[in-house]
1. Within the range 16-31, restricting attention to residues that are closer than 22 Å to residue 58 by Cα and of a type in the set (Val, Ile, Thr), which residue is surrounded by the fewest Cβ atoms within 10 Å (Cβ to Cβ)?
2. Which of the residues belonging to the range 16-42 are within 15 Å of residue 6 (Cβ to Cβ) and of a type in the set (S, T, N, Q)?
3. Among the residues of the range 43-53, is there at least one that is loosely packed, with under 10 Cβ neighbours inside 10 Å and over 13 Å from residue 5 (Cα atoms)?
4. What are the pairs, 6+ residues apart or on separate chains, where a residue within the range 19-44 that is on the phi > 0 side of the Ramachandran plot has its Cβ under 6 Å from a residue that is acidic (Asp, Glu) and in a strand (DSSP E or B)?
Amino acid sequence: MECPECGSNLMIAGSKLVSEAGSTEVFSELTLVCINARIDPVSRQHVCSLFAGTDLNNPLKVAATVRNKVG
């Protein structure tokens, strides 16, 4: 997937299995983040407003979450 803000590739920062209470369906949930750390030389801010930061275990922003049914 691509970042909706800057178009760079998204990276998986985390994944987990989730299920609704009382349901037998299980989903794999992926947390996708943008790692485009490029800085604009004029404004001195990150080009992408969805930049997750350097610690992907605790991202500053999440670009997308994808749920896929397991089985």
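Read the figures in this text as sums done on the coordinates, not as results from a lab. Since this is a predicted model, take the numbers as computed values, not measurements. Reconstructed Cβ throughout: ideal geometry from the backbone, glycine too, with neighbour counts over all protein chains shown.
1. 18
2. We begin by selecting, within the range 16-42, every residue within 15 Å of residue 6 (Cβ to Cβ); these are 32-40.
Of everything in the range 16-42, just one residue is within 15 Å of residue 6 (Cβ to Cβ) and of a type in the set (S, T, N, Q), namely 36.
3. From the range 43-53, those loosely packed, with under 10 Cβ neighbours inside 10 Å are 43-44; that's our starting set.
With the extra rule that they be over 13 Å from residue 5 (Cα atoms), the set shrinks to 43-44.
Scanning the range 43-53 turns up at least one residue that is loosely packed, with under 10 Cβ neighbours inside 10 Å and over 13 Å from residue 5 (Cα atoms).
4. Pairs that qualify, where the first residue is on the phi > 0 side of the Ramachandran plot and the partner is acidic (Asp, Glu) and in a strand (DSSP E or B): there are none.
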